[in-house]
Amino acid sequence: MVTRASPADPYFKKSISVRIQRRQLELDVAQDLFSGHDLDAGTRLLLRSLATPEHERRLRVLDLGSGYGPLGLGLKLLNPAREVEMVDRDALAVEYSHRNAERNRMSGVDVHAGLGWSGVRGRELDLVASNLPAKAGDRAIRHFLLDGSAHLKPGGMVAVVVIARLHELVEGILVPEAGVEVVHRQRAAGYSVFHYGFSSEGPLAAPSSGDGTRDPLGVYERANLELAFDDIRYGLRTVYSLPEFDTLAYHTRLMASQLLDGRRRPRRVLVFNPGQGHLPVLIGRAFSPDRITLAGRDLLSLANAGANLAGNGYPAERVLLRHQTAILPADMEGGDLLVAVLRDGQPNAITEHELRSALAMLRTPGRVILGGSSTAVTRLESRLGGIGPLRIIARKRNRGHSVLEAGAQLS
Ligand SMILES: C[S@@+](CC[C@H](N)C(=O)[O-])C[C@H]1O[C@@H](n2cnc3c(N)ncnc32)[C@H](O)[C@@H]1O
């Protein structure tokens, strides 16, 4: 493994060099992406299981949940004639898969954002490879495993790796009654690899949610909650792998009370990192602004928060979704309220850069409400002075979480 110094991208962590069958794959890895320290042992095991002559003829390949790209690009390295599609829900993963395809001068690689099978474009696939997201919830795992049969060629194969804890669950899903034939099983050092195909009659058991297109979020559902904040009642569908699935975090409570604190109605709101959707829904219910833009890296969060806004009566045509790693100035244009949840792992330079761009487009007078762990908020606060014409209006803390309100001053 080789590490080189960081270029300008603040997400960049290091470069690693992976040896696959006497060939080298160079991969840039980002902070905050799966397996940022080195190639995951499960990914390595799965790649090895596919690096045999019998699989070489499999030319149409999908990497479902690509991360920074080791599976899809590793398979491309093994046979450059392959056409590879790579899908991930995380905009940063999509950026890094794309960048790594370029770094290795690979063409014929289609990288894009998507949620499970509902995001997959490819048909007649020969091979699907996935290191399954372990925290996705049982129904999502079932969806990943079974709902792709219509995308496969006859004779097409799915190859997955899971952590040992999920072995029994996967064994229970990949059964003949589901129209599945497992052709290879391997257990090693905390991981299980399965290779399997679908019988020509197709799945016999009901798939997890049809093909995931009618209600693409259904397979991720964790709970349906009835909640209240102050006098606002709202319903919220929560999903796996995002926090705040049963209660509001302290920083969300602080941010909500700051937002609702007897202020004027905002007209255009940007919520960055909307999570399950608690804050956008409260804003929608309290103020019914003309527009709510939801922006962030995680497509599941954006889609779920958007669906929760609609579920609480906020008109869908007034919601904009922006799936991206940063706040772009255009998202904030004419906006008078920016609400941003600071992610703990996010480098300071990124938050600062985002705020700078957003503030350049914030209407005056306008409000900025930032929340997160007290550490993240304090780190940012110390740099706010240099960011723009901001005046700190309030700073509150509760149990290690903080909210900060700043106002853009009239010039
Ligand atoms: C275990 S990581 C594997 C990453 C990469 N393939 C590797 O081997 O290093 C799972 C990846 O799936 C992505 N993911 C999780 N749920 C997803 C979903 N519903 N749709 C698309 N991608 C998803 C995550 O963002 C993450 O990058």
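The conditions are (1) modelled with pLDDT of 95 or more; (2) surrounded by 14 or more Cβ atoms within 10 Å (Cβ to Cβ), and residue 168 fails exactly one of them. Which is it?
Single failed check for residue 168: (2).
Which of the residues belonging to region 272-303 are within 16 Å of the ligand (Cβ to nearest atom), assigned to a strand (DSSP E or B) and at negative phi?
Hit for region 272-303 is 298, nothing else.
Quick check on residue 58: is it touching a residue at least 24 places away in the same chain (Cβ under 8 Å) and not hydrophobic (A, V, I, L, M, F, W, C)?
Considered against the rule, which asks whether it is touching a residue at least 24 places away in the same chain (Cβ under 8 Å) and not hydrophobic (A, V, I, L, M, F, W, C), residue 58 comes out as yes.
What residue, of 385, 313, 306, is modelled with pLDDT of 95 or more, more than 25 Å from the chain's Cα centre (by Cα) and not assigned by TED's automatic domain parsing to the domain that holds residue 30?
Unique residue meeting the criteria: 313.
If residue 11 meets every condition in (1) within 9 Å of the ligand (Cβ to nearest atom); (2) surrounded by 20 or more Cβ atoms within 10 Å (Cβ to Cβ); (3) aromatic (Phe, Trp, Tyr) apart from one, which number is that one?
(1)
So, restricting to strands (runs of 3 or more DSSP E) that lie completely within region 185-271, which ones have at least 2 residues that are modelled with pLDDT of 95 or more and of a type in the set (Val, Ile, Thr)?
232-239
With more than 22 Å from residue 282 (Cβ to Cβ) and basic (Lys, Arg) as the only criterion, which of 356, 343, 363 stands out?
Being more than 22 Å from residue 282 (Cβ to Cβ) and basic (Lys, Arg) holds for just one of 356, 343, 363, which is 356.
Scan region 78-90 and give yes if some residue there is modelled with pLDDT under 95 and near the ligand (Cβ under 8 Å from one of its atoms), otherwise no.
no
Do we have any residue at all in region 27-39 that's closer than 25 Å to residue 156 by Cα and more than 12 Å from the ligand (Cβ to nearest atom)?
No - not one qualifying residue is present in region 27-39.
What number of residues in region 344-382 are crowded, with 18+ Cβ neighbours inside 10 Å and charged (D, E, K, R)?
Total satisfying the criteria: 2.
With the condition kept exactly as written, say whether any residue in region 257-268 is closer than 24 Å to residue 89 by Cβ and either more than 16 Å from the ligand (Cβ to nearest atom) or in contact (Cβ under 8 Å) with a residue 60 or more places away in the chain (or both).
No, region 257-268 contains no residue that is closer than 24 Å to residue 89 by Cβ and either more than 16 Å from the ligand (Cβ to nearest atom) or in contact (Cβ under 8 Å) with a residue 60 or more places away in the chain (or both).
In the same structural domain as residue 337 (by TED's automatic domain parsing) and surrounded by fewer than 18 Cβ atoms within 10 Å (Cβ to Cβ): which single residue out of 237, 265 fits that description?
Of 237, 265, the one residue that is in the same structural domain as residue 337 (by TED's automatic domain parsing) and surrounded by fewer than 18 Cβ atoms within 10 Å (Cβ to Cβ) is 265.
Give the residue that is farthest from residue 219 (Cα to Cα), with candidates limited to residues of region 304-347 that are without any contact (Cβ under 8 Å) to a residue 24 or more places away in the chain, part of a helix (DSSP H, G or I) and of a type outside the set (D, E, K, R).
316
Do we find that residue 350 is assigned to a loop (DSSP other than H, G, I, E, B) and either among the polar types (S, T, N, Q) or in contact (Cβ under 8 Å) with a residue 40 or more places away in the chain (or both) in this structure?
no
Only one of (1) within 9 Å of the ligand (Cβ to nearest atom); (2) crowded, with 20+ Cβ neighbours inside 10 Å fails for residue 119. Which number is that?
Of everything listed in (1) within 9 Å of the ligand (Cβ to nearest atom); (2) crowded, with 20+ Cβ neighbours inside 10 Å, residue 119 misses just condition (2).
The values are calculated or read from the model by the stated rules, or taken from the named source; none is laboratory data. On a predicted model such as this, the values are computed, not experimentally measured, just so you know. Because the Cβ atoms are built from the backbone with ideal geometry, glycine has one as well, and the counts that use them run over all protein chains shown.
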